[in-house]
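Read the structure below first, then the notes.
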Amino acid sequence: MTFPRLLSFVLPLVLAALPLWAEPVLPQFLDKIPASELVAGAEAYGPMQVDPPVAPVLKGGETIGWAFITSDFVSTTGYSGKPIHTLVAVDLDAHVTGVKLVKHSEPIVLIGIPQAKMDALAAGYIGLDLVAEAQSGGSSHDVDIISGATVTVMVIDDSIVRAGLKVARALGLGGLAVDAAPTGPVFELNPDAPAATDWMTLEGDGTLRRLSLDVGQVNAAFAALGDERAIARALTEAPETTFIEMQAALVSHPAIAKAILGEGEAANLAGWLAPGDQALLIVGRGIYSFKGSGYVRGGIFDRIVLIQDDVSVRFRDKMHKRLGAVVAEGAPEFTETDLFKIPADVGFDPTKPFRIQLLVHREVGPIEKVFTTFDLGYQLPPQYLRPVAVAAPQDTAPAEAVAAQEETEAHQALWKRIWADKQLEIAITAAMLAVLTLVFFFQGFATRNERRFYWFRMGFLTVTLVFLGWYANAQLSVVNLMALFGALTSGFSWQAFLLDPLTFILWFSVAAALIFWGRGAYCGWLCPFGALQELTNQIARKLGIPQWTLPWGLHERLWPIKYMIFLGLFGASLVSIEQAEHLAEVEPFKTAIILKFVRAWPFVAYAVALLVAGLFVERFYCRYLCPLGAGLAIPARMRMFDWLKRYRECGNPCQTCANECPVQSIHPTGEINPNECINCLHCQVLYQSTTKCPVVIKKVKRREAFAASPVRDLTGHPNHQHPQPAE
């Protein structure tokens with residue numbers, strides 16, 4: 001069972017307990033944001049309605065749209081664990097006419113992302129067609145991701161679309177209406193229903209549905225778009241040439257699967273599908289592929305999407321199986337024969353009509369394309385269905401319970417979509433954690449060769465900096481700890497933490513590492529800023545920059561500074577989490593890692609100053625200032641194992657490890673301070689060194705002396721032949 005699927009069973013229990021906002025927050029912002037700032041040309045707001053909580057936007061006394069706050073309709077929380085309040089206006093045709101981010105607690109947006117970028121993000125939603133979103137299941141627009149704020153942007157996008165659809169349906173905008181409860185009979189698949197065995201009959205009774213396009217039809221469709229570039233690049237094949245013939249069937253019905261796929265493949269399909277999953281067969285031929293090659297690069301089939309009411313399913317490589325051929329009698333020869341899984345949790349109903357939307361593109365420039373779509377409609381024939389007895393509706397069911405269930409499903413859909421989009425990053429992170437775990441468990445073997453281990457560590461830190469840090473932005477922060485504490489005291493929710501997969505995985509691994517190895521597993525190997533400090537210090541050493549070793553007394557008295565910073569931030573978070581997040585700028589992580597030094601000069605100067613200090617005193621920031629390291633060191637005292645090997649002579653008289661420890665975490669008396677150790681394993685390299693460790697050197701000399709000494713016989717005379725080992 002995959003991790004996201006496992007969480008999907010646990011989260012409903014947690015998220016169902018999330019409270020929905022009893023009082024609308026819209027009145028708090030109507031006086032702060034004039035109507036003219038929200039919608040160009042608007043003059044004022046009218047009296048606010050209560051159900052739904054919206055306010056009319058007026059111009060010349062006439063209603064030109066409606067304003068609402070997204071958090072009044074959806075309870076999606078941001079990275080901070082708190083709702084992101086976005087003021088949105090829609091016109092009478094269900095088009096978004098204004099967006100304003102009015103209140104949030106997102107740390108990366110509070111300090112780090114320029115306001116101009118957030119304003120541009122909001123402006124990008126103006127003109128969004130909510131009718132098209134309803135028809136496409138919320139997938140008819142592109143999300144403009146801002147580097148460093150991916151989670152926040154995804155949450156804002158989800159909130160605008162879902163809240164906008166709720167408002168448009170409640171008010172009947174653009175012809176949308178609230179989904180009414182079914183009044184007719186309800187059906188389910190009848191697994192005992194038989195299916196024809198020949199292709200022609202399956203086509204005739206609707207088991208198979210077809211979309212046929214020739215070159216002439218496709219050229220006409222692009223011509224209708226009015227783009228002269230697309231018209232100029234019309235296909236040159238004969239108009240009657242088959243562009244694509246695509247056919248589909250719902251093969252999760254056992255009889256249809258056996259008729260088209262055969263007994264063996266039908267059995268394989270049944271084993272592939274989990275309870276509640278559905279499966280779609282798509283076959284095709286012609287000069288255009290419904291699969292394309294995008295799934296090879298990005299793992300997603302970007303030319304087809306399944307749409308059913310508000311549900312849209314984009315297929316990924318893990319939801320796909322390639323078939324050799326179909327076995328139904330009289331089946332044509334197809335160049336593409338593929339199975340696609342429809343997961344149970346997407347809300348798809350196999351008994352209701354749906355369509356497969358085919359995206360066709362035409363290149364009009366070096367990197368620019370023009371797109372048009374064609375639909376293949378599908379409705380499972382009635383002979384495969386049977387009616388289900390429906391219980392009489394219960395008027396006692398509270399509307400709050402229904403709303404909570406809808407929100408739970410929406411929360412799950414959002415974090416699952418984010419996890420699915422980051423499968424490659426998750427796999428690389430998991431591989432890094434696996435390698436690091438093996439190194440720690442077999443540290444004696446790993447540190448046997450000093451040179452090889454040095455270059456392994458430098459390579460690992462480079463991957464940590466470039467991949468985890470600058471590429472994936474997976475830099476943990478003391479802000480995460482404050483957000484966790486805030487969530488625990490105000491109603492815990494997994495959702496806020498699941499929205500960032502790599503951060504979630506890293507925190508999970510840190511929690512486990514604290515029990516086994518202490519804080520050093522993260523601080524010494526997985527912290528991107530720590531990696532940046534160590535790598536720059538190594539470069540400084542190669543360039544001959546002198547290294548400063550602080551006197552032990554001063555060094556020891558500087559340790560508490562980071563603990564005082566952590567406690568100060570923690571205390572500030574009890575009063576105001578927003579203020580604490582501002583004060584957390586003592587961490588240079590946003591500047592150096594998330595924003596890659598593209599920031600206002602005071603922040604850049606501060607981060608650079610810390611790195612410069614680290615050129616002379618290795619990991620200067622980690623040693624004395626890092627509140628995250630302090631926060632991790634406190635629970636790390638409960639670790640269960642002591643993995644670092646020591647000799648009795650360590651500290652008295654030998655000081656080799658203490659002198660060479662990169663962060664001076666070894667006391668002059670020989671003890672390793674677990675609160676300061678970063679588990680770099682350099683002391684374990686020295687533990688086996690035949691050139692630096694006096695204990696090992698003494699053992700080697702003793703063995704050499706023994707090997708060189710003559711063996712005396714029983715008479716006391718030298719016998720230069722050593723005894724042979726027994727067979």
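Points to keep in mind about this one:
- On full extension, the segment bounded by residue 225 and residue 655 gains 147.0 nm, given 0.36 nm per residue less the C-alpha separation.
- Prolate/oblate/rounded call for region 531-635, Cα gyration tensor, a/c under 1.5 rounded: oblate
- Estimated FRET transfer efficiency (residue 608, residue 690; beta-carbon r; R0 35 Å; 0.05): 0.30
- Solvent-accessible surface (1.4 Å probe) assigned to residue 458 amounts to roughly 20 Å².
- Largest accessible area first, the listed residues 285, 557 line up as 557, 285 when surface is computed with a 1.4 Å probe on the assembled protein chains.
- When you count the other C-beta atoms within 10 angstrom of each residue and take the mean per peptide, 83-93, 155-165, 196-206 line up highest first as 155-165, 83-93, 196-206.
- Each of the peptides 602-610, 95-103, 356-364 was scored by the mean count of other Cβ atoms within 10 Å over its residues; in descending order, highest first, they stand as 95-103, 356-364, 602-610.
- Candidate aspartates and glutamates - alpha carbon under 13 Å from residue 542, same-chain residues fewer than 8 apart omitted: 534
- Dimensions of region 593-688 from C-alpha coordinates, computed as largest minus smallest value along each principal axis and given longest first, are 52, 30, 20 Å.
- Summary of packing: across the peptides 213-219, 34-40, the per-residue average of other C-beta atoms within 10 Å ranks them, highest first, as 213-219, 34-40.
- Remark: the residue 375-residue 637 segment gains 88.2 nm on full extension, using 0.36 nm per residue and subtracting the alpha carbon distance.
- Accessible heavy-atom area order of 187, 301, highest first, probe of 1.4 Å: 187, 301
- Gyration tensor verdict on region 506-568 (Cα atoms; rounded if a/c is under 1.5, prolate if a/b is larger than b/c, oblate otherwise): oblate
- Between region 321-384 and region 621-676, the Cα center-to-center distance that results, in Å: 60 Å
- Extension gain from residue 23 to residue 484, taking 0.36 nm per residue of separation minus the Cα-Cα distance: 163.4 nm
- With a Förster radius of 30 Å applied to the C-beta separation of residue 454 and residue 703, the computed FRET efficiency comes to 0.70.
- Cα gyration tensor shape of region 457-613, rounded if a/c is under 1.5, else prolate or oblate by comparing a/b with b/c: prolate
- For region 549-681, the carbon plus sulfur part of the accessible surface works out to 68%, probe radius 1.4 Å.
- Remark: accessible surface ordering of 236, 63 (largest first) is 236, 63, probe radius 1.4 Å.
The values are calculated or read from the model by the stated rules, or taken from the named source; none is laboratory data. Predicted model, so just to flag it, every value in this text is computed and none were measured. Note that we place each Cβ from the backbone using ideal geometry, even for glycine, and neighbour counts take in every protein chain shown. Just the protein is used for accessible areas: all its heavy atoms, side chains included, with ligands, DNA and RNA removed. Shrake-Rupley method; radii C 1.70, N 1.55, O 1.52, S 1.80 Å.
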